[in-house]
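Remarks on the structure that follows.
What follows is calculated from the coordinates using simple rules that are stated; it is not laboratory data. Fair warning: this is a prediction, and the values are worked out from it, not measured in the lab.
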C-alpha cells in the first residue's frame, strides 16, 4: 500500500510541474491565449488540492507518518 501512495504523490507532483510549465510556455508565447494559461493554472491548483487531500487521508488512516527530522536534528 505504501508504494501506491508514493506513486500517487509522485504522479501528482509531476502533474503539477507539467501544468505549471505548460502555463509558463503559453504565457511566454507572443500570441498567448489567456484561456489556456488560466486552464493550466486551474489544473495545477486542482492537483495541489487533490494532493493535499490525499496526504491528509493517508495520514489519517496511518498509511504515512511524520519522520521527525526536526526532532532528530536537536537531540
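Quick notes on this one:
- Cα long-axis angle, helix 34-60 against the chain (0 to 90 degrees, to the nearest 10): 10 degrees
- D_trans [Stokes-Einstein, Kirkwood Rh over alpha-carbon pairs] for the chain, 25 °C, 0.890 mPa s, µm² s⁻¹: 171 µm²/s
- Extension gain, residue 42 back to residue 54 (0.36 nm per residue minus Cα-Cα distance, nm): 2.5 nm
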